[in-house]
Amino acid sequence: MNNSKSIIDITTNEHPEAVHIMKSDIEAPEKFTWPFFYTPHPLCRLAAAEVQKHLASTECWQEEISRGKMFGVLVVELADGGMAFLAAYSGLLCGRNDLPWFVPAVFDSQQPDGYFKIHEAEISAINEQINTLETSDEYTALCRSVERMKLCAEQEIDEYKTKMTEAKRRRDAFRQQYGDDERLIAESRFMKAELRRLKQHHRTLTDRAENRLNAMKSIVLELKEKRHRLSDDLQRWLFEQYKVNNAYGRQRSIADIFNEQTGHIPPAGAGDCCAPKLLQYAFMHNMRPLCMAEFWWGNSPMGEIRQHGNYYPACRGKCKPILTFMLEGLETDSDPLADGGKLMPETVYEDDDIIVVCKPAGMLSVPGKDGRTSVLSALRNRWRDEANPGIVHRLDMDTSGLLVVAKTVSAYHNLQAQFAARTVKKRYVALLEHKPSSCSGTISLPLLPDPLDRPRQTVDMANGKTAVTEYCITDVLDDGKVRAELHPLTGRTHQLRVHCAHHMGLNSPIVGDNLYGKPDRRLFLHAEMLEFSHPASGRRMTFERKADF
């Protein structure tokens with residue numbers, strides 16, 4: 001080909017079908033990609049374009065990938081000094097993990113006569129037994145019968161208690177007029193005994209039905225316990241089979257890796273994402289990884305935010321422990337987020353009770369696990385024993401802007417109460433990727449943390465916490481991006497980022513949002529106005545600090 005930047009995709013006897021030769025005058029990077037925060041290298045973009053062509057050329061998987069799937073590319077240096085790319089998809093595609101053109105799975109658990117499938121079928125058979133029992137006519141009839149008996153017993157007993165109350169009222173009236181009588185005492189004793197007999201009668205009937213029901217429930221419970229035990233055993237076995245290499249040539253199972261790094265067993269699907277597949281194939285075939293990228297293709301899932309064609313970092317819940325091991329021996333780019341430890345907050349206002357600061361993008365509000373400097377730790381170091389600062393509200397690490405920090409316990413509790421009562425006013429400014437369909441309005445989408453990819457948030461209508469944002473588009477720029485004012489009425493993690501990016505929100509990610517949109521030099525989100533009542537004087541105070549974008 002004459003175009004030196006194009007890719008030549010060939011399969012020869014010298015290279016397996018998963019290896020796609022590249023010829024380009026683009027220089028390879030000096031260091032390998034830091035997979036948790038990166039801008040795709042031009043070589044990865046070229047490789048991704050070839051993958052996307054291949055996806056479009058095959059009819060059988062169009063419906064499946066239209067629902068959305070993650071794909072990945074890894075550019076490698078071959079043993080002969082040439083360059084190639086590898087491609088992978090997360091999980092299964094068309095029910096398979098061994099499709100030609102892509103690298104295979106780290107471990108193939110899908111063989112029909114393999115250990116995993118045989119024992120998976122055993123668990124599925126138990127599921128069927130449980131379902132058959134719980135939906136059988138006898139089981140459902142017994143459940144209804146027991147409920148009817150309990151209801152009937154409750155009604156009859158309540159009716160008799162009412163009758164007893166009325167009889168006592170008549171006896172008390174008789175006693176007041178004529179004095180006590182043995183017949184009244186006998187009636188009272190008889191009715192109490194009758195109540196006991198009535199309760200015992202219903203208890204006997206209910207117990208008989210419940211015993212029959214409990215016998216069936218006991219069978220179901222035993223089956224569920226067996227299923228749980230077999231599932232745990234099979235999962236442990238499976239993760240022992242997933243053995244990955246690193247650049248030093250060392251090999252470990254992902255069960256060992258997770259046990260050492262997290263103290264837990266791996267989550268479901270660990271090892272089946274693109275990055276581990278790609279690196280494992282490269283290490284097993286004597287290839288040197290140069291750069292890597294993962295992109296989403298297709299529609300976004302309902303709860304998550306995935307933009308068609310956008311590049312995304314490797315997930316932290318399933319991939320970070322594995323990649324931490326696999327990248328040993330590779331010189332990687334530095335973690336861009338680690339630079340936040342060198343930043344310092346700017347003081348906007350300070351008195352004996354509070355301090356208002358402007359936090360730079362990339363700085364934590366409170367200390368994290370890695371010990372980097374945060375707003376809180378910087379203030380504690382500054383004041384030493386003179387004050388005990390307390391963070392009342394937070395900004396995401398990637399967000400810049402105004403924060404109020406309490407210097408005393410009383411100020412802390414006062415400000416905390418103001419935030420809880422929603423009397424504190426906040427205004428953010430954001431740069432959005434494109435103009436949304438509406439120029440102003442209110443977004444209400446409940447949020448829930450993604451347990452496998454924190455701090456990413458998902459939209460969950462059933463279990464999420466209420467999150468409400470008012471918005472207004474203030475300017476449309478020449479390049480199509482728009483400036484927006486955002487007023488959060490609640491304070492959920494990543495609320496503004498998700499509400500802007502989600503298709504049921506503005507469907508326009510904030511520029512530079514590496515989690516829900518596209519990476520840039522920073523996240524273009526800034527808390528520019530903060531209004532509250534001074535915790536000591538009660539005076540209303542407003543602070544503004546314009547964004548530098």
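The values are calculated or read from the model by the stated rules, or taken from the named source; none is laboratory data. Since this is a predicted model, take the numbers as computed values, not measurements. We place every Cβ from the backbone using ideal geometry, glycine too, and count neighbours over all the protein chains shown. Accessible surface is based on the protein model in full, side chains and every heavy atom, while ligands, DNA and RNA are left aside. Shrake-Rupley method; radii C 1.70, N 1.55, O 1.52, S 1.80 Å.
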> Does T466 satisfy being within 16 Å of A527 (Cα to Cα) and either open to solvent by less than 10 Å² (accessible area, probe 1.4 Å) or polar (S, T, N, Q) (or both)?
Replying inline: no
D335 passes all but one of the listed conditions (1) closer than 30 Å to S300 by Cα; (2) out of contact with any Lys or Arg (no Cβ under 7 Å at 6 or more places or on another chain); (3) surrounded by 17 or more Cβ atoms within 10 Å (Cβ to Cβ); the exception is number (3)
Just one listed residue, out of F524, F532, is in contact with a strand residue (DSSP E or B) (Cβ under 7 Å, 6 or more places away or on another chain), of a type outside the set (D, E), within 30 Å of V409 (Cα to Cα) and at pLDDT 95 or above, and it is F532
Of the residues in region 285-300, those that are touching a strand residue (DSSP E or B) at 6+ places or on another chain (Cβ under 7 Å) and outside any strand (DSSP E or B) come to M287, G298
For region 305-332 the number of residues that are open to solvent by 60 Å² or more (accessible area, probe 1.4 Å), part of a loop (DSSP other than H, G, I, E, B) and among the charged types (D, E, K, R) is 2
Residue pairs qualifying under the 9 Å Cβ cut-off, at least six apart or on distinct chains, with the first in region 283-307 being at positive phi and the second being outside any loop (DSSP other than H, G, I, E, B), are G298/E64; G298/I65; G298/S66; G298/K69
When region 367-422 is checked residue by residue, the ones that are of a type in the set (D, E, K, R) and modelled with pLDDT under 90 are K369, D370, R372, R380, R382, R384, D385, E386
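Here's the yes/no breakdown for (1) under 21 Å from P16 (Cβ atoms); (2) over 24 Å from the mean Cα position of the chain (by Cα); (3) not polar (S, T, N, Q):
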{"residue": "Y248", "(1), (2), (3)": "no, yes, yes"}
{"residue": "Q251", "(1), (2), (3)": "yes, yes, no"}
{"residue": "C274", "(1), (2), (3)": "yes, no, yes"}
{"residue": "Y281", "(1), (2), (3)": "yes, yes, yes"}
{"residue": "M287", "(1), (2), (3)": "yes, yes, yes"}
Looking at region 189-201, can you tell me whether even one residue there is within 54 Å of the chain's Cα centre (by Cα), open to solvent by 50 Å² or more (accessible area, probe 1.4 Å) and not charged (D, E, K, R)? yes
When region 484-522 is checked residue by residue, the ones that are outside any loop (DSSP other than H, G, I, E, B), in contact (Cβ under 8 Å) with a residue 60 or more places away in the chain and under 20 Å from M461 (Cα atoms) are P488, L496, R497, V498, C500, A501
Within region 519-539, residues in contact with a Ser or Thr (Cβ under 9 Å, 6 or more places away or on another chain), open to solvent by 10 Å² or more (accessible area, probe 1.4 Å) and either under 18 Å from P336 (Cβ atoms) or polar (S, T, N, Q) (or both) come out as P519, D520, R522, S533
Test: S109 is within 23 Å of K226 (Cα to Cα), modelled with pLDDT under 95 and open to solvent by less than 60 Å² (accessible area, probe 1.4 Å):
yes
When (1) at pLDDT 95 or above; (2) open to solvent by 60 Å² or more (accessible area, probe 1.4 Å); (3) polar (S, T, N, Q) are applied to T39, the one that fails is (1)
Take the conditions touching a residue at least 40 places away in the same chain (Cβ under 8 Å) and in contact with a Cys (Cβ under 6 Å, 6 or more places away or on another chain) and apply them to C274. Does it pass? no
For region 416-424, does any single residue satisfy the condition of being surrounded by fewer than 21 Cβ atoms within 10 Å (Cβ to Cβ), among the small types (G, A, S) and closer than 30 Å to L506 by Cα? yes
Note to self: I'd like to check something: does region 139-157 contain any residue that is surrounded by 11 or more Cβ atoms within 10 Å (Cβ to Cβ), in a helix (DSSP H, G or I) and within 33 Å of the chain's Cα centre (by Cα)?
What the structure shows: no
The condition of being at pLDDT 95 or above, more than 29 Å from S124 (Cα to Cα) and open to solvent by 70 Å² or more (accessible area, probe 1.4 Å) holds, among Q251, Q261, only for Q251
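Residue-wise test of (1) in contact (Cβ under 8 Å) with a residue 60 or more places away in the chain; (2) aliphatic (A, V, I, L, M); (3) within 30 Å of L223 (Cα to Cα).
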position	(1), (2), (3)
H119	yes, no, yes
I126	yes, yes, yes
N131	no, no, yes
T165	no, no, no
R169	no, no, no
R183	no, no, no
R196	no, no, no
T206	yes, no, yes
- Task: Taking P345 as the residue in question, decide whether it is touching a helix residue (DSSP H, G or I) at 6+ places or on another chain (Cβ under 6 Å), touching a residue at least 40 places away in the same chain (Cβ under 8 Å) and open to solvent by 20 Å² or more (accessible area, probe 1.4 Å).
- Result: yes
Picking from R492, R483, R540, R545, the residue that is within 21 Å of R427 (Cβ to Cβ), basic (K, R) and in contact with a helix residue (DSSP H, G or I) (Cβ under 9 Å, 6 or more places away or on another chain) would be R492
